[in-house]
Amino acid sequence: MPTETIPNAAPADPEGAVSRTDQLFAFADRGTPLTKGQKFLHFWVTVGVGFARNRCPVRASALAYASLLALVPMLAVIASVAVSLLKNEGEERSKQLIETLVSSLTAQTSFVTVGPVKPATAPVSAEEERTRATRREVVERINEYVTKVRSGALGATGMVALLFMAITMLARIEDTFNDIWGVTRGRGWFARVVQYWAALTLGPLLLMAALALTSSPFFTATKETIAELPWGAGGALMFAFKFLPFLIMGAAFMVFYQLMPNTRVDWRAALVGGAVGGTLWQINNLLSVFYVSRVVTQEKIYGSLGMVPVVMVGLYLSWIILLFGAQVAYVFQNRHAYLQEREVANVTETGREFIALRLMVMVALRFQQGQKAPTSSEIALALAVPSQLTSKIIGALMQGQLLCEVAGVEKAYVPARPLVAITCHEILQALRTGGSQLPGTADGPLRAVVAEEFERIQLAEKQAALATTLDALVRRAADGQRNLKQGT
C-alpha cells in the first residue's frame, strides 16, 4: 500500500523523513480517519505528551517529598480511626493494620534486601534481619503516635497541627489534579476541610471492609468451598480471585479520580484511569521485590539511614502511577475535543476573546430564558472547546466580575450583572492582561506615526465594543434561534 505524504508535517531529520508519531498527529489534525490500531496508539501518545507537558514527573518528586513529611501524620489520623474499630482485637492486630498501610503506600519497604533473591527456606541474613527490625521500628513509632492520638496525649495544639498537615497534603494533591484538568480555582478551605475530613474518616472504614473481606475466616472458608467445585469451575474461580487486588485498587483509584479534581469527571473516564492506575500500582508492588533486591544497595551506602531512599523511591513511583492514571482519565474524557486541544497552547488572543464572547452570550441567553445555569463541562461540550481552555476563560471572566458561580453538585455560572450593564469592551478587557500601555521602544519620528495610528485603531475598536451590550447580542442570538426554528 503506498504511503500518503504529509505536506504540513515537520521533517524529523535533515533528509525530510517524517516520524510515525508526527505522521499520526498530522493525520489526526487533518481529519483523516484512523484505524482502530492508530486510534489506540494515538490515545497513548496523547497521554504521554500531556504527561510530559504537565510536568508530572517533577510534580511527583515534589509530592513525594511533601508526603514523606506528612506520611506519619496522615497515617496517624487514618490508623487512629481504623484502630478504634479494632480496639477489641488487641494491640497486635492494630500493629498488623499499620504495617499493611505502610507496605501499601511504599511497597519497596516490604522487600529491602541486598544481593540475589534467596529461597524461602534459606536462613535470614544479618542485612535482612536489620531491615525487618527497621520496619518493625517504623510500625512501633507510628503505633506509639496513634496511641498518643487516641489517648489525647498530644493535646489540642498537637491535634490541630496533625489535622492541618494531613489536610494540607490533600490540598496539594487536589491542586495537582486541578492543573491536569485545567481547573484554575480549587475548593474553598471550608469545603476542603469538610470533604477531606470525610475522606480521612470514611477511608479507614472502607479499608477495614476490604481487609475483613480478604482475610476473615469466612472468606477463607468460602475460598476453600469454591476450590472444591467440580468440572474445573473451582480452579477457574480461584484463578479469578488472584485479580481481586487489581479490582479493589482500580475501584479505589476510580473514586479518587472522580472526587479529587474540582470539576466534574465522567465516571467512564474515572473508570479507565482507575483501571490503568490500579493495575500499574499492583504491578509495581509485584516488581518491587525484583527492583530492590537486585538494584538497591542502600544498606552498604547509607547504613542506618538506608530506609529513607527506599521510602522515597516507593513514594515517587506511587505518585508517578497516580498522576499517570489521572492523565489517562483526562485524555479519555476529552478525547473527542482532541483537535481543539492541540490548538490550546497556540491559540491567539483573538481566538480567546471570540470564545469569551460566545461563552457570555450562551450563559446570558440561558439565564434570560430561565434555563438551568450551565456548568463548565456543559459549556465546553456546547462550544466544542477543550475543558482546560474553557476553565481558563471562565476564570478570567469571573475575575473581571462578569460571571459568578452558582453552588451545586457541580459549579454552574450566570451573569454577574444585568445584561444591559455588560459591554463587549468589558468582556474583551477581561481577557487582556498587562494593561494597554504601549511598550517602550526607541524614540523617533516613525514611533510617533505608528503610535498615533495604533491608538486610533484601538479607539475605534473601543468605541464599537462599548456601543454593543451583552443584552443586544443576546437579543440577536434569540432572534436567530427563532428564525432557525421557523425555517425548519
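The values are calculated or read from the model by the stated rules, or taken from the named source; none is laboratory data. Being a predicted model, the structure only gives us computed values, none of them experimental. We place every Cβ from the backbone using ideal geometry, glycine too, and count neighbours over all the protein chains shown.
Candidates are the residues of the stretch 38-85 that are surrounded by 15 or more Cβ atoms within 10 Å (Cβ to Cβ) and among the hydroxyl-bearing types (Ser, Thr, Tyr); the one that is modelled with the highest pLDDT is 61.
For first residues located in the stretch 451-480 and surrounded by 12 or more Cβ atoms within 10 Å (Cβ to Cβ), partners that are of a type in the set (Gly, Ala, Ser) and lie 6+ apart or on another chain with Cβ distances below 6 Å form the pairs 470/364; 474/364.
Residue count for the stretch 359-377, restricted to those that are buried (at least 17 other Cβ atoms within 10 Å of the Cβ) and touching a residue at least 12 places away in the same chain (Cβ under 8 Å): 13.
Test residue 428 against the stated conditions and say whether it is of a type outside the set (S, T, N, Q), at pLDDT 85 or above and within 28 Å of residue 347 (Cα to Cα).
Details: of a type outside the set (S, T, N, Q): yes; at pLDDT 85 or above: yes; within 28 Å of residue 347 (Cα to Cα): yes.
Yes; evaluated as a whole, the condition is true for this residue.
Within the stretch 220-261, which residues are modelled with pLDDT under 65 and of a type in the set (Ser, Thr, Tyr)? Scanning the stretch 220-261 gives 220, 222.
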